[in-house]
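Below is one structure; the comments refer to it alone.
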Amino acid sequence: MASTFIDLFAGIGGFHAALEPIGGECIFVSEIDQFAAGIYKKNWLKESSVQVSGDIRLLTENVKINVPSHDVLTAGFPCQPFSKSGNQLGVNEARGTLFYNILQIVEERKPKIILLENVRNLVGPKHI
């Protein structure tokens, strides 16, 4: 693979676990939950200069996109607003609007590959 990736809404690093073994180099991480970020650092960033950034909104809203250029964008964004097991409010719920932050990065950086968390109802009548 030999490409760079960013890990948004990174959790403890599921996408990192998949991409690093095939040659992916993580160059940016965003995770707002301090406990998940701590585990991510311990598991994946021991020998890296990459730091875990917090709230993605601070890096994308009302500012120039403060995320480096990359080949692959991964995002385990909050899926509950879209999920069939939730209220299905999508972008009409605060967590659902975080999807727009991903789109801002995609529009600015134009990654070759985009990997999003699998949410069965993300693309559907209520969320297109």
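Structure notes:
- Taking each residue of the stretch 78-95 that is within 19 Å of Ser30 (Cβ to Cβ) and looking for partners that are open to solvent by 50 Å² or more (accessible area, probe 1.4 Å) and of a type in the set (Gly, Ala, Ser) with beta-carbon atoms closer than 9 Å, six or more apart or interchain, yields Pro81/Ala94.
- Qualifying positions in the stretch 76-90 - open to solvent by 10 Å² or more (accessible area, probe 1.4 Å) and small (Gly, Ala, Ser): Gly76, Ser83, Ser85, Gly86
- Candidate set: the stretch 34-71, residues that are polar (S, T, N, Q) and part of a helix (DSSP H, G or I); chosen: the one farthest from Gln104 (Cα to Cα): Asn43
- Residue among Glu117, Glu93, Glu107 that alone is surrounded by 13 or more Cβ atoms within 10 Å (Cβ to Cβ) and farther than 21 Å from Ile12 by Cβ: Glu93
- Whichever residue in the stretch 4-30 is in a loop (DSSP other than H, G, I, E, B) and out of contact with any strand residue (DSSP E or B) (no Cβ under 9 Å at 6 or more places or on another chain) and, among such residues, is surrounded by the fewest Cβ atoms within 10 Å (Cβ to Cβ): Gly11
- Within the stretch 47-75, the only residue that satisfies the criterion of being open to solvent by 40 Å² or more (accessible area, probe 1.4 Å), of a type in the set (Ser, Thr, Tyr) and touching a residue at least 40 places away in the same chain (Cβ under 8 Å) is Ser69.
- When restricted to residues that are touching a helix residue (DSSP H, G or I) at 6+ places or on another chain (Cβ under 8 Å), in a helix (DSSP H, G or I) and of a type in the set (A, V, I, L, M), the stretch 75-124 contains 3.
The values are calculated or read from the model by the stated rules, or taken from the named source; none is laboratory data. Keep in mind it's a predicted model, so treat the numbers as computed, not measured. Positions of Cβ are generated from backbone atoms using ideal geometry, with glycine treated the same way; all protein chains shown enter the neighbour counts. To get the accessible areas, we keep the full protein, side chains included, count just its heavy atoms, and leave off ligands, DNA and RNA. Shrake-Rupley method; radii C 1.70, N 1.55, O 1.52, S 1.80 Å.
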